[in-house]
Amino acid sequence: MRVLVICPHFAPDVAPTGEVMDSIVAGLADLGHRIHVVTALPWYRHHAIDSGWEGRVVRRERTPWGVVTRLHPFPSDKGNLLARAASFLGFTILALVAALRRAPGEGRPDVVLTMSPPLVLGVSGWLAARRWRVPLVFNIQDVFPDVAVEVGAITSRPVIAAATWLERFLYRRSAGVTVLSEDLRRNLAAKLAGHRPERVEIIPNFVDTERIVPSDRRTPYRDEFGLGDRTVVMYAGNLGFSQSVELLVDAAAHFAEVPEVVFVVNGAGSAKDSLVARGAGLSNLIWVGYQPRERLGEVLASADIHCVLLKPGLAASSVPSKTYAILAAGRPCVASIDVGSEVDRMLTAAQCGIAVPPDDLAAFTTALSDLLDNPAGRSEMGAAARTWVESWLSPAAVAEAYESLFERVLSARR
């Protein structure tokens, strides 16, 4: 089978969705399929083209399993929504041009797999599928515009109406739509009521339990950033509109007089400047930028407690995939997230963490206190986390799930 993949990030880019797609492609390649990946040049770490990749709008590389076409993503200020929209549009147009052409040395595709967000990239996937007369499978990582509307990033009624129309337009023209959880499946199925909602299928993101393993907490990362032997409470990930990282900053203020505890924020994003200002003067709060992908296991091992932070109302539109990596590292988790959400259910079922209502500082600090005062309990939760996640889907199983979906939509088309 020949698969055309259109996605915003791909290794060596460090974006979480890039790692997801990289492993899906690797799994499909192991199953013997040929793949043409249309993606962006690496840019996520600094929101600018990575060093060594500048100077060309299009770069193409051959691999043992096919071809990767990398395109300029027109990076812009993450805080400027109009500039970001223009960037997404520019990249979408380039991606469409690349997807409409047959990859050098490759045959025509049998199926198109496109990832969202950005939602507009689905247009490239739909038009490419029409051009090649093949099915489109739409991979949804976060539901747009729901997330942007919920956090107030988009308030214009015409823009919301246009995005909502485009969302439903693309779902209805996809042979299959994949989501990460039952919450997201219900969301999309409701939007497809009367238009084959059964096309929405759950294929969760995987965790690579061979690459991420429980490790000693005394790491070079701790030495590098002066963490010593203190108990580390960490948030690692994007600092944007959807994450309540201010909750961690306020928790650091709450524990400011506890010298053996330090809070670490590992990441970057549009909200970082305001968050740093909010935490000014806190000696127990340390800011660390994105680390290379190869250090992920070390970063996760360096923390004693990890945090998953999502603003209220977003659990039906987004699943923080970092949760799976935290559990694979054998660390307990405190999640500030909607009650009854996928992450809430997961932590309860695995008995590997504590979920509290979103943006509830009192509940959040109480949960942290419970874990900080109970090192033995933290160890038990970490062990339970690892045991539970080992039963989760492997990268190979996720690739097989996509292969099965491709075969079904191709059979239905025939």
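The values are calculated or read from the model by the stated rules, or taken from the named source; none is laboratory data. No experiment lies behind these values; they were computed from the predicted model shown. Note: ideal-geometry Cβ built from the backbone for every residue, glycine included; neighbour counts use all protein chains shown.
Table: residues versus (1) touching a residue at least 60 places away in the same chain (Cβ under 8 Å); (2) charged (D, E, K, R); (3) on the phi > 0 side of the Ramachandran plot.
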| position | (1), (2), (3) |
| --- | --- |
| PRO118 | yes, no, no |
| ARG133 | no, yes, yes |
| PRO158 | no, no, no |
| SER181 | yes, no, no |
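Among the candidates ILE202, ILE212, ILE160, the residue that is within 23 Å of SER302 (Cβ to Cβ), of a type outside the set (Ser, Thr, Tyr) and not assigned by TED's automatic domain parsing to the domain that holds SER270 is uniquely ILE212.
Counting only residues that are under 14 Å from the mean Cα position of the chain (by Cα) and not aromatic (Phe, Trp, Tyr), segment 204-241 holds 8 of them.
When segment 99-120 is examined, which residues are found to be aliphatic (A, V, I, L, M) and surrounded by fewer than 23 Cβ atoms within 10 Å (Cβ to Cβ)?
Within segment 99-120, the first condition is being aliphatic (A, V, I, L, M), and the residues that meet it are 99-100, 103, 111-113, 115, 119-120.
Passing the criteria: LEU100, LEU119, VAL120.
With respect to the conditions (1) in contact with a Phe, Trp or Tyr (Cβ under 9 Å, 6 or more places away or on another chain); (2) free of Cβ contacts under 8 Å to residues at least 60 places away in the same chain; (3) more than 20 Å from ILE203 (Cα to Cα), GLU167 lacks only one, and its number is (3). If the condition is being surrounded by 15 or more Cβ atoms within 10 Å (Cβ to Cβ) and part of a loop (DSSP other than H, G, I, E, B), then segment 153-162 contributes ALA153, ILE154. Determine if segment 357-374 includes at least one residue that is over 18 Å from the mean Cα position of the chain (by Cα), without any contact (Cβ under 8 Å) to a residue 24 or more places away in the chain and surrounded by 21 or more Cβ atoms within 10 Å (Cβ to Cβ). Looking through segment 357-374, none of the residues is over 18 Å from the mean Cα position of the chain (by Cα), without any contact (Cβ under 8 Å) to a residue 24 or more places away in the chain and surrounded by 21 or more Cβ atoms within 10 Å (Cβ to Cβ).
Look through segment 27-58, keep the residues that are part of a strand (DSSP E or B) and modelled with pLDDT of 95 or more, and return whichever of them is farthest from ARG2 (Cα to Cα).
Filtering segment 27-58 for residues part of a strand (DSSP E or B) gives 34-40, 58.
Remaining after also requiring modelled with pLDDT of 95 or more: 34-40.
On the way: ARG34: 5, ILE35: 6, HIS36: 8, VAL37: 11, VAL38: 14, THR39: 17, ALA40: 21 Å.
If we take residues in segment 27-58 being part of a strand (DSSP E or B) and modelled with pLDDT of 95 or more, then ALA40 is farthest from ARG2 (Cα to Cα).
Quick check on segment 163-184: of everything there that is of a type in the set (A, V, I, L, M), outside any loop (DSSP other than H, G, I, E, B) and touching a strand residue (DSSP E or B) at 6+ places or on another chain (Cβ under 9 Å), which residue is surrounded by the fewest Cβ atoms within 10 Å (Cβ to Cβ)? Restricting to residues being of a type in the set (A, V, I, L, M), outside any loop (DSSP other than H, G, I, E, B) and touching a strand residue (DSSP E or B) at 6+ places or on another chain (Cβ under 9 Å), the top hit is LEU170. Are any residues in segment 64-86 over 20 Å from the mean Cα position of the chain (by Cα) and either in a loop (DSSP other than H, G, I, E, B) or without any contact (Cβ under 8 Å) to a residue 12 or more places away in the chain (or both), and if so, which ones? Those that are over 20 Å from the mean Cα position of the chain (by Cα) and either in a loop (DSSP other than H, G, I, E, B) or without any contact (Cβ under 8 Å) to a residue 12 or more places away in the chain (or both): PRO64, TRP65, HIS72, PHE74, ASN80, LEU82, ALA83. For segment 243-272, what are the residues that are part of a loop (DSSP other than H, G, I, E, B) and touching a residue at least 12 places away in the same chain (Cβ under 8 Å)? Result: GLN243, SER244, PHE255, ALA256, VAL258, PRO259, GLU260, GLY267, ALA268, GLY269, SER270, ALA271.
Residue-by-condition table, conditions (1) in contact with a Ser or Thr (Cβ under 7 Å, 6 or more places away or on another chain); (2) among the β-branched types (Val, Ile, Thr); (3) in a helix (DSSP H, G or I):
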{"residue": "THR323", "(1), (2), (3)": "no, yes, yes"}
{"residue": "ALA362", "(1), (2), (3)": "no, no, yes"}
{"residue": "THR366", "(1), (2), (3)": "no, yes, yes"}
{"residue": "TRP392", "(1), (2), (3)": "no, no, no"}
{"residue": "SER404", "(1), (2), (3)": "no, no, yes"}
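Only one entry in GLU106, GLU150 is in the same structural domain as LEU41 (by TED's automatic domain parsing), of a type outside the set (A, V, I, L, M, F, W, C), under 25 Å from the mean Cα position of the chain (by Cα) and over 23 Å from GLU201 (Cβ atoms), namely GLU150.
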